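Only the coordinates and a few stated rules stand behind these numbers; no lab work does. All figures in this text were calculated on a predicted structure; none of them were measured in a lab. Methodologically, a virtual Cβ is constructed for each residue, glycine included, from the backbone with ideal geometry; neighbour enumeration extends over all protein chains shown.
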Amino acid sequence: METIINGAKLSIIQEDITRQATDAIVNAANSSLMGGGGVDGAIHRAGGSAILEECKDIVAKQGRLPTGKAVITTGGKLKAKHVIHTVGPIWHGGNRNEAELLQSAYSECLKLAAENKLANISFPSISTGAYGYPVSEAAKIAEGTVVSFLKETATSLKEVVFVLFDSRTYESYCSALQEITSKES
C-alpha cells in the first residue's frame, strides 16, 4: 500500500527491515543501544560490530538514549547506509505520556534523516513488540507523525517506508493509513 504526501512516497510493506536497501533503517532500540531482542537484535546481528562500536561511543559521550530521542550510526554490513536508533515508550496503559513519547521517537528519526540529507528511510513498528504498545494505536501515531512531517517540513526525504514483520501489524498499518488519508480527502 502506498500514497504520495507532498511529493514524497509513503508505503507499507511486509518484509524484514534488515534487508532494506535504503539510506536509513530505524532501529527500535533500548536506551543502552547495545542490542537486544526483536528488531533491535536483528539489526545488530545483520549489521555487525561497526554499529555496536558506534553505539558504545555515543553512550560513552552522552549516556543512555532517553525515550523519544534518536541517534544515527553507520549501517555496517546492512544494505542500508545508516541506522537511526530510537527508544520508544514502554506501554503502561496509556497514562504515562506514551503517545507523546512515541510521536517524539518518530519525529526525531525524521529530523535526523532530514538533517543528514537522506532521501529515504524505513521504519519498523516502534514499541509494539516487547514494549507492549497496542499496534492499532501505534500505527495511527506513527503514520500521523510521518504524514504531518512530510506536509509541514521542507525535507530531502522522498520516500518513507513502514517495513512490518508480520501480517497482523501490516494490516493495522494499512487500516490506519486508509483512515488518515480518507479524513484528508
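Here r is the Cβ-Cβ distance between Lys183 and Ser31 and R0 is 35 Å; the resulting FRET efficiency, rounded to 0.05, is 0.55.
For Thr22, the residues 5 or more places off, or on other chains, whose built amide H falls under 5 Å of its own are Ala80, Lys81. Between the beta carbons of Glu53 and Asp16, assuming R0 = 30 Å, the FRET efficiency works out to 0.80 to the nearest 0.05. Convex hull volume of the C-alpha atoms in the stretch 1-106, normalised per residue: 124 Å³. Once the Cα-Cα distance is subtracted from the 0.36 nm per residue extended length, the Arg64 to Ser148 segment shows a gain of 27.4 nm. Between Ser156 and Glu2, the simple spin-label model (points 7 angstrom out along Cα→Cβ) gives 2.1 nm.
Note on Ser167 and Ile90: their simple-model spin labels are 3.3 nm apart, each label 7 Å out from Cα toward Cβ.
Were the residues from Ser136 through Lys79 laid out at 0.36 nm apart, the gain over their Cα-Cα distance would be 17.6 nm.
A cut-off of 5 Å between modelled amide H atoms, ignoring neighbours fewer than 5 places along the same chain, links Thr74 with Val83.
Return the label of the correct value of volume of the Cα convex hull per residue in Å³, as calculated from the structure shown, out of (i) 118; (ii) 127; (iii) 103. Only one listed value fits the structure, namely (iii). Potential lengthening of the chain between Asn97 and Lys111 amounts to 3.0 nm, from the contour at 0.36 nm per residue minus the alpha-carbon distance.
Taking amide hydrogens as placed 1.01 Å from N in the peptide plane, the amide H of Leu157 sits under 5 Å from that of no residue at least 5 positions away in sequence or on another chain. In order along the stretch 99-108, the phi-based Karplus estimate (6.51 cos²θ - 1.76 cosθ + 1.60, θ = phi - 60°) of 3J(HN,Hα) comes to 4, 5, 5, 5, 4, 4, 4, 5, 4, 5 Hz; Gly and Pro are listed as x.
Sequence-ordered 3J(HN,Hα) estimates for the stretch 48-54 from the Karplus curve with 6.51, -1.76 and 1.60 and θ = phi - 60° stand at x, 5, 4, 5, 4, 4, 5 Hz, glycine and proline given as x. The phi torsions of the stretch 87-95, fed into the Karplus equation with coefficients 6.51, -1.76 and 1.60 and a -60° offset, translate into couplings of 10, x, x, 7, 6, 10, x, x, 9 Hz, rounded to whole numbers, with Gly and Pro shown as x. Here Lys81 is the anchor, and the aspartates and glutamates within straight C-alpha reach of less than 12 Å, apart from those fewer than 8 places off in the same chain, are Asp23.
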